Every structure is written in C-alpha cells, then in structure tokens.
Amino acid sequence: MNEDKLSILQDIETALKEIYEGNLELTDTLCVLSLENARIAFKQKLGFSKNEQVTDSPYAQEIIESCVKIGLTLVESGVDSKEYLRCLEKVKNSVKRHSEYGPRGYYEFVKKYV
C-alpha cells in the first residue's frame, strides 16, 4: 500500500475514532450506513449522484460531514476523488468485518492503531 493511500485511510479512521469516542451510542451498523451515505454526499459535492438520497438521520450526520470535509480537502490538494472513494469503501469494509466482534468492534480495533 502506498503512502498516499495509507494517509487517506488514517485520516478517515482518525475521524471515525474521534466520533466513536464522542458518541457512546454509535454502533458499527450505523457507521456503515453513514459511510455509505458519505460516499453519496461526497459525490454530490462534486456534482454527481444528484438523484441519490442521503439520510437525514442526525446520528449519521457527523460521520457524513466529516468524511465529505476530508474528501474535499484531499481533492483540493490533488488526491483523485476516485482514490478517496476507494479508501472510504475500504474503511467501510473494515467496519463490517470488525463488527463481527460486537456492536462497536471496529472502534475497539481502530483505537489501538490511530
């Protein structure tokens, strides 16, 4: 894995870790839903996916807004938007995988590394 991709993944994971720490009700299931919606919201900010709906759940908004902000900042600095979307997908898959270990399994995993 190249340094740029690793840096993007760490940016996303650091944001998620902070959100998990600030919201004890956040579960991996809600995180996955939020990341799926963050993909859509990010594409909409770039002018795509206008017909897709983004959840208005207040529980998902912090993750969605954080991921969109990270993505836009990275794109402004020259990162390809498709690369950012691939990284979001990778993190989402990691959340799904670690959720097998409990409702906050991903947080228990990621807090050791970020």
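Only one of the numbered conditions (1) among the polar types (S, T, N, Q); (2) surrounded by 14 or more Cβ atoms within 10 Å (Cβ to Cβ); (3) over 12 Å from ALA38 (Cβ atoms) is violated by THR55, and that is (3). Across region 20-29, which residue is nearest to the chain's Cα centre (by Cα) among those that are surrounded by fewer than 18 Cβ atoms within 10 Å (Cβ to Cβ) and in a helix (DSSP H, G or I)? Among them, the one singled out is THR29.
Residues in region 85-114 that are assigned to a helix (DSSP H, G or I) and of a type in the set (A, V, I, L, M, F, W, C): LEU85, CYS87, LEU88, VAL91, VAL95, PHE109, VAL110. Looking across region 22-79, the residues that are free of Cβ contacts under 8 Å to residues at least 60 places away in the same chain, farther than 30 Å from TYR101 by Cβ and of a type in the set (A, V, I, L, M, F, W, C) come down to LEU46, PHE48, LEU72, VAL75. Please verify whether region 32-49 includes one or more residues that are loosely packed, with under 12 Cβ neighbours inside 10 Å and closer than 23 Å to LYS82 by Cα. Taking every residue of region 32-49 in turn, at least one turns out to be loosely packed, with under 12 Cβ neighbours inside 10 Å and closer than 23 Å to LYS82 by Cα. Restricting attention to region 85-114, the residues being in contact with a His (Cβ under 9 Å, 6 or more places away or on another chain) and loosely packed, with under 15 Cβ neighbours inside 10 Å number 1. Can LYS82 be described as at negative phi, part of a helix (DSSP H, G or I) and exposed (fewer than 15 other Cβ atoms within 10 Å of the Cβ)? Answer is yes for this residue.
Given the options VAL75, VAL95, VAL54, VAL32, name the one that is of a type outside the set (Asp, Glu), touching an Asp or Glu at 6+ places or on another chain (Cβ under 7 Å) and modelled with pLDDT of 95 or more. Criteria check complete, one pass: VAL95. Tell me whether region 52-63 contains one or more residues that are part of a helix (DSSP H, G or I) and under 15 Å from GLN10 (Cα atoms). The answer is yes, given that some residue of region 52-63 is part of a helix (DSSP H, G or I) and under 15 Å from GLN10 (Cα atoms).
The values are calculated or read from the model by the stated rules, or taken from the named source; none is laboratory data. These figures come from a predicted structure and were not determined experimentally. Please note: Cβ atoms are built from the backbone with ideal geometry, for glycine as well, and neighbour counts cover all protein chains shown.
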